[in-house]
There are 4 protein chains.
Amino acid sequence: MTTVAFLGLGAIGTPMARHLATPDFTLAVWNRTAKKAADFAATHHVRHAATPADAARGASVVVTCFPTSREVAALLDGPDGLIAGMTKGTTLLDCTSGDPATSRQIEARLAEHGIGYLDAPVSGGVAGAEIGTLTVMIGGSEAVMASVMPVLEAFGEKIVHCGPVGSGGALKAVNNALLAVHIWSTAEGMAALAKAGVNPAVALDVINASSGRSNTTQNLFPARVLTRAFPRTFRLALLDKDVGIAAQVMREQKVPSPLIQLTAELFAAAHRELGEEADHVEAVKVVERQAGVEIK
Amino acid sequence: MTTVAFLGLGAIGTPMARHLATPDFTLAVWNRTAKKAADFAATHHVRHAATPADAARGASVVVTCFPTSREVAALLDGPDGLIAGMTKGTTLLDCTSGDPATSRQIEARLAEHGIGYLDAPVSGGVAGAEIGTLTVMIGGSEAVMASVMPVLEAFGEKIVHCGPVGSGGALKAVNNALLAVHIWSTAEGMAALAKAGVNPAVALDVINASSGRSNTTQNLFPARVLTRAFPRTFRLALLDKDVGIAAQVMREQKVPSPLIQLTAELFAAAHRELGEEADHVEAVKVVERQAGVEIK
Amino acid sequence: MTTVAFLGLGAIGTPMARHLATPDFTLAVWNRTAKKAADFAATHHVRHAATPADAARGASVVVTCFPTSREVAALLDGPDGLIAGMTKGTTLLDCTSGDPATSRQIEARLAEHGIGYLDAPVSGGVAGAEIGTLTVMIGGSEAVMASVMPVLEAFGEKIVHCGPVGSGGALKAVNNALLAVHIWSTAEGMAALAKAGVNPAVALDVINASSGRSNTTQNLFPARVLTRAFPRTFRLALLDKDVGIAAQVMREQKVPSPLIQLTAELFAAAHRELGEEADHVEAVKVVERQAGVEIK
Amino acid sequence: MTTVAFLGLGAIGTPMARHLATPDFTLAVWNRTAKKAADFAATHHVRHAATPADAARGASVVVTCFPTSREVAALLDGPDGLIAGMTKGTTLLDCTSGDPATSRQIEARLAEHGIGYLDAPVSGGVAGAEIGTLTVMIGGSEAVMASVMPVLEAFGEKIVHCGPVGSGGALKAVNNALLAVHIWSTAEGMAALAKAGVNPAVALDVINASSGRSNTTQNLFPARVLTRAFPRTFRLALLDKDVGIAAQVMREQKVPSPLIQLTAELFAAAHRELGEEADHVEAVKVVERQAGVEIK
């Protein structure tokens, strides 16, 4: 039976951890806001650890799931840190949508102690986390990945080895950057069509039968923009962070990338304008405000 | 039986015209390069007109299908021009992927003579034209559209009224601008992932199961880029023209549109670099050259 | 003695016209808001014309000075229009900061009547207009330009032949587009330096001794931004219009121009955000709002 | 008498070091390519150090002048490194045009050993270095700056305290980013004017009397572009690096900066296209190639 620690009981982390609160695993949980971890532990009859080090003690796999790599890096050191609790040969499975540069730094720090590291961001949203059908994008050694497969299979359905450490995060960031590009450019185009007298539903219907279609035109605009529902499923602040990571990856890899860099600026400005709680699709509202039209 | 003139026997126009070379229509054809029209007329037993005016004589519907609105506007005047041949109450059905401003000028010119005008660009490519399943995006009066429905149904499957004259062209241009945005931004992202050590096929597989997917990631990159096939199905020069039209529409409609404007510049530069014969997907090669990597 | 008509008594036009209200010229004035022309005529003892045609009657040179080419084009036709009043061999000297495409259309219309046309936008601002030291950028025939030289020299100090009709406006637009690029990019850079703890006055002092200096860093930022004075000397709405003209010229000339096109979008959005009365330098406030800092 | 070590005898470093090879200082030099340092030492009768540690021994001020911060950071550690040779209370005066993030890391490393650090990039070029009239932009403690003033005054004329460590580099990078913005946008505008039939010399003459003027239009274009001389005074590769640093500073400071970010991409692409030896003004040639015109 695998002993696992799970750190980071947020919107995605909590349903992921539930798949490990089964007879197949011995689970300890920790969270920055202790109450969440205490409640989870009480409900699921698992151990509530007092510190990251305490959570890691005895675990062969430590799973982390935080907003950014910065929070993970901050858990490593000190008497209460992960390194103090983890032993040689164990693995940190980092499901944070992290930035590749920090992931590589974490990998190097852990390697000094013989601890393995995988960056393993997930996609599929809260719904996918709840039913255990997440896609997991893994950067790091294939052997290490094989050793933590039971944990991965507990919450993931499509488990993909991407390349060296950092490449999971790079792929997640690029996917999300494309999403951001699609949202903004579709908003530009749809705003102009609306002002030109084209019914937005008709426009989307035609585009979705044609070469310009995307997940954004097929799903997000019909269900969220035209209806003015804008449900809050994924925060704009997080998409802004992800596009920023993608933009940084492009620069590190020396790929001239005018569209993704410009999109990073547009989302940074939209994030500031709309605040921390706005949904990612609400970026459309910035285009609408500048154009003086609602897409509906 | 409807008498129809068809002008412009290019890659799309020729298979469109074939659907009108049936017992249901009396067809005359004209083409700038006369040999094409002569061959078509001989093969399909239809009339080869000597001039646009000659083609239009007796026709209740004149169909035009040219690279740009400029060619259509140039056919109107003079003793051999369309206006000389068309009579009050007939209709010019312009299937060119035109620019809305010129379409509105053509509409106004024809209205002085009591001639109706629809801008009616098509999508679906050569294949759709051959089997008669084109999408037709129509700008203009709904009554006029109803009056030419038998012609539209001969080659179109999805016939959509978009709004006033120019809105068919605006929608077509926006669709193609989104296609252009997707091609370039996907190339940027995929080039960086390739340089970061991620297998492109794996990356596309993950993106296509996630929120960043588009027709471009689902179809164009797997079949045309990773294979290095780059088949020539739609010229980059034409996509450049379409993005330019979309960019102009955005400006006319006063919609700040940094992404689509920037994309117009990128495709203009790629068009100059790759020449007149390159396929639209070959724009990816410009990103690859700048990044120093092939996406394969 | 040259007989001159002056149409358009705005902020620049009024002081320009004053230089023609001298014994060297016989002057008639006309303005859309008649009161302004009546007051000017009374003060300067010149003729107040009832219509453009009336103003033009007898004049060998008609000077126009309006916000955009659209207003000039709208004055040409009808019984009260300029063409009705002007005679063969006279010249329309258009000091509007116009767009080259419309200027070429006006030239063609007037040529049908044997009337000459020069596009002749000015720079130097209200101050330069008052003391008669404007720079005049002239597009059109050099012979026509020579024929109106006495009028040009009345208000202009630097009178430059640029090229064919439209090239005066093109040069004015490009100059103003560079100004716009400088304002926005300096705002970006100065906002970041301010947030990084660099005193803006120190930063400008260093830049102005170095390679990044411009009229914007040497004059506009020290006098208008750091002081928070933002005097209203040239409306943002007009600079937005000029950058838009430059962007259109770039496209007509097939020059890929990502920076000027993007700047056109930024100023269009700033114009919408700040309204019709804002000064052009207040565009800096949009950058400051997005950055969360004041440059002072 | 101040004992000084100078490391980095490149195009700028060599003439800077000469101002320290005087009776006022006891100088040791070191260079990655040892021959340069040996020659310098022989010519100027100063000590040629075998290693960075050896150079630093006994020095109260160590001056570094390298292409990037990376080279400086790489000199710190190991038995031959600067830290091994420097003593508590001495100062590293880093005249590299560095990146602020690395400068802050170097500062922190040195602080552990009681060694002071200033980032102190210079402007004024080779000519300014030779006659000792450089501008020096200093980030770090004012007290430390005061302690190294004799060294600064040996080669600098305008010595400016900018703010905390990193702010010297930030200001230098922003200045150079503005230069890059000006070069590219002027090239765009001038290419369009040339194609529109405006003589480039006339255009520059007008712009330089108007609001769009900059060091680029006043000096670089007349002397280097119109003449087609393109002298190699400052490598495009270095300007690309500096714009990249500025772009990174903008992101760190959370300043949405579409123009500077886009300029970073344009210069990265131009650098790849034109290679390592091209001068920074040769970026104009990329715009010319895309536009199909020479500005002359």
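The values are calculated or read from the model by the stated rules, or taken from the named source; none is laboratory data. Here the structure is a predicted model, which means the values were calculated and not measured. Backbone-built Cβ (ideal geometry, glycine too); neighbour counts: all protein chains shown. Just so you know, the surface numbers come from the protein's heavy atoms only, side chains and all, with ligands and any DNA or RNA stripped out. Shrake-Rupley method; radii C 1.70, N 1.55, O 1.52, S 1.80 Å.
Evaluating 6.51 cos²θ - 1.76 cosθ + 1.60 at θ = phi - 60° for every residue in the range B:66-73, the Karplus couplings come out as 10, x, 9, 4, 4, 5, 5, 4 Hz, glycine and proline recorded as x. Once you sort the root eigenvalues of the Cα gyration tensor of the range C:35-89 as a ≥ b ≥ c, which label holds: rounded (a/c under 1.5), prolate (a/b larger than b/c) or oblate (the other case)? It is oblate, given that a/c is not under 1.5 and a/b is not larger than b/c.
Here r is the Cβ-Cβ distance between residue C:142 and residue C:228 and R0 is 35 Å; the resulting FRET efficiency, rounded to 0.05, is 0.15. Across peptide C:123-134, the mean count of Cβ atoms from other chains lying within 10 Å of each residue's own Cβ comes to 1. Each of A:198, A:248, A:286 was scored by the projection of its Cα onto the charge dipole of the range A:170-291, and the greatest displacement toward the positive side belongs to A:198; charges sit on the C-beta of Lys, Arg, Asp and Glu. Excluding residue A:233 itself, calculate the net charge of residues whose Cβ lies under 10 Å from the Cβ of residue A:233, where each Lys or Arg counts +1 and each Asp or Glu counts -1. Every neighbour counted, the sum reads +2. Taking the Cα centre of the protein assembly as shown as origin and assigning +1 to Lys and Arg Cβ atoms and -1 to Asp and Glu Cβ atoms, the resulting dipole is close to 0 debye.
Counted by Cβ distance under 12 Å from residue B:133, the other residues give a net charge of -2, where Lys and Arg count +1 and Asp and Glu count -1. For the pair residue A:157 and residue A:11, label points projected 7 Å from Cα toward Cβ lie 2.0 nm apart. Taking the Cα centre of chain C as origin and assigning +1 to Lys and Arg Cβ atoms and -1 to Asp and Glu Cβ atoms, the resulting dipole is close to 300 debye.
Separation of the alpha carbons by more than 24 angstrom is noted, of B:241/C:285; B:35/B:158; B:254/C:285; A:285/D:254; A:88/A:172; C:172/C:296, for B:241/C:285; B:35/B:158; A:88/A:172; C:172/C:296. Computed about the Cα centre, the dipole magnitude for the range B:170-291 is approximately 100 debye when only Lys and Arg (+1) and Asp and Glu (-1) carry charge, each at its Cβ. Shielding value for A:159-172 is 5, the average number of Cβ atoms from other chains within 10 Å of each residue's Cβ. Our coupling estimate for the range C:182-189, obtained by passing each phi through the Karplus curve with A = 6.51, B = -1.76, C = 1.60 and θ = phi - 60°, is 5, 4, 6, 5, 5, 4, 4, x Hz, Gly and Pro reported as x.
Of the three principal axes defined by the Cα atoms of the protein assembly as shown, the extents in descending order read 90, 78, 52 Å. Treat each spin label as a single point 7 Å out from the Cα along the C-beta direction, and report the residue C:88 to residue C:32 distance in nm. Rounded to a tenth, the inter-label distance reads 3.4 nm.
Just to be sure I understand: with springs between alpha-carbon atoms less than 10 Å apart, which residue in A:149, A:86, A:137 has the highest mean-square fluctuation in the Gaussian network model of chain A? The residue that fluctuates most here is A:149. Using the 1.4 Å probe convention, the accessible area of chain C works out to 34 Å² per residue with neighbouring protein chains retained. Relative to the globular-protein estimate of 2.2 N^0.38 Å, the Cα radius of gyration of the range C:2-163 stands at 0.91. In order along the range A:93-106, phi translates into HN-Hα couplings of 9, 9, 8, 4, 7, x, 9, x, 5, 5, 4, 5, 5, 5 Hz, rounded to whole numbers, per the Karplus curve 6.51 cos²θ - 1.76 cosθ + 1.60 with θ = phi - 60° and x for Gly and Pro. As a fraction of the 1.4 Å probe accessible area of the range B:85-215, surface on carbon and sulfur atoms comes out at 52 percent.
Count Lys and Arg as plus one, Asp and Glu as minus one, and take only other residues whose Cβ is under 11 Å from that of residue D:85; the net charge is then -1. Report the normalised scattering of chain C as log10 I(q)/I(0) at q = 0.08, 0.09, 0.17 Å⁻¹, calculated by the Debye formula with identical scatterers on the alpha carbons. Values returned for q = 0.08, 0.09, 0.17 Å⁻¹ are -0.38, -0.48, -1.30. Sorted into 10 angstrom bins from 0, the C-alpha pair distances of the range D:170-296 split as 13, 45, 33, 9, 0 percent. Look at the alpha carbon pairs under 8 Å that are at least 6 residues apart: their mean separation over the length of the range A:97-147 gives a relative contact order of 32 percent.
Label points 7 Å out from Cα along the Cβ direction at residue C:45 and residue B:22: separation in nm? Calculated label separation equals 8.5 nm.
Heavy-atom accessible area buried between chains B and A is around 5000 Å² (1.4 Å probe, both sides summed). In this structure, the amide hydrogen of residue A:63, modeled 1.01 Å from its nitrogen in the peptide plane, lies closer than 5 angstrom to those of A:5, A:6, A:7, A:93, counting only residues at least 5 positions away or on a different chain.
If both residues of a DSSP beta bridge must be in the protein assembly as shown, then about 15% of such bridges are antiparallel.
Other protein chain C-beta atoms within 10 Å of residue C-beta, averaged over C:240-252: 3. In chain C, helical runs assigned H by DSSP with n ≥ 4 each contribute -39500 (n - 2.57); averaged across all residues and rounded to the nearest 500, the mean residue ellipticity at 222 nm is -14500 deg cm²/dmol. Within chain A, antiparallel bridges make up roughly 15 percent of the DSSP beta bridges whose residues both belong there.
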